[in-house]
1. Do you know which residues across the stretch 52-101 are surrounded by 13 or more Cβ atoms within 10 Å (Cβ to Cβ) and assigned to a loop (DSSP other than H, G, I, E, B)?
2. Pick out the one residue from Leu9, Leu51 that is modelled with pLDDT of 95 or more and within 30 Å of Leu79 (Cβ to Cβ).
3. Assigned to a helix (DSSP H, G or I), more than 18 Å from the chain's Cα centre (by Cα) and free of Cβ contacts under 8 Å to residues at least 12 places away in the same chain: is that true of Ala49 in this structure?
4. I'd like to know if the stretch 16-24 contains one or more residues that are at pLDDT 95 or above, touching a Gly at 6+ places or on another chain (Cβ under 7 Å) and surrounded by 12 or more Cβ atoms within 10 Å (Cβ to Cβ).
5. Please go through the stretch 31-40 and pick out each residue that is at pLDDT 95 or above and either closer than 20 Å to Thr54 by Cα or surrounded by 12 or more Cβ atoms within 10 Å (Cβ to Cβ) (or both).
Amino acid sequence: MNSSKPGLLAQAAMVTGCGAMAALTGVDLDSYHLPLAWNLSCSTAVFSALLHLTTTAAAAWGTRTHRCPLPDCDFTVRLQHVDAGENRRWQEIAAHHPHTL
């Protein structure tokens, strides 16, 4: 089974949902008798903003973040698609990176 099918399905759902919201915005704006260029630009802006929001939220959902425990240190590691062992290894690296020694 192809492991990328769930990802493609989620992307298709995000694009479809954002497109539907943009189309509804265009229909709502059409009742105000705006010029077509304004209507299209507003609908495109809604589509772009919603797609950016959903893709950013989807990326953040599967991301693990490990930070240095020291309050003045900004060392951060962000991981995606790792197993528990790799996650634990990076957690230890973040806690004991060279600046903390």
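The values are calculated or read from the model by the stated rules, or taken from the named source; none is laboratory data. None of the values given here were measured: they were computed from a predicted structure. Virtual Cβ from ideal backbone geometry, glycine too; neighbours counted across all protein chains shown.
1. Matches in the stretch 52-101: Cys68, Cys73, Phe75, Val82, His97.
2. When all the criteria are applied, what remains is Leu51.
3. On the way: assigned to a helix (DSSP H, G or I): yes; more than 18 Å from the chain's Cα centre (by Cα): no; free of Cβ contacts under 8 Å to residues at least 12 places away in the same chain: yes.
For Ala49, the condition - assigned to a helix (DSSP H, G or I), more than 18 Å from the chain's Cα centre (by Cα) and free of Cβ contacts under 8 Å to residues at least 12 places away in the same chain - is not met.
4. Among the residues of the stretch 16-24, not one is at pLDDT 95 or above, touching a Gly at 6+ places or on another chain (Cβ under 7 Å) and surrounded by 12 or more Cβ atoms within 10 Å (Cβ to Cβ), which makes the answer no.
5. Asn39, Leu40 - these are the residues of the stretch 31-40 that are at pLDDT 95 or above and either closer than 20 Å to Thr54 by Cα or surrounded by 12 or more Cβ atoms within 10 Å (Cβ to Cβ) (or both).
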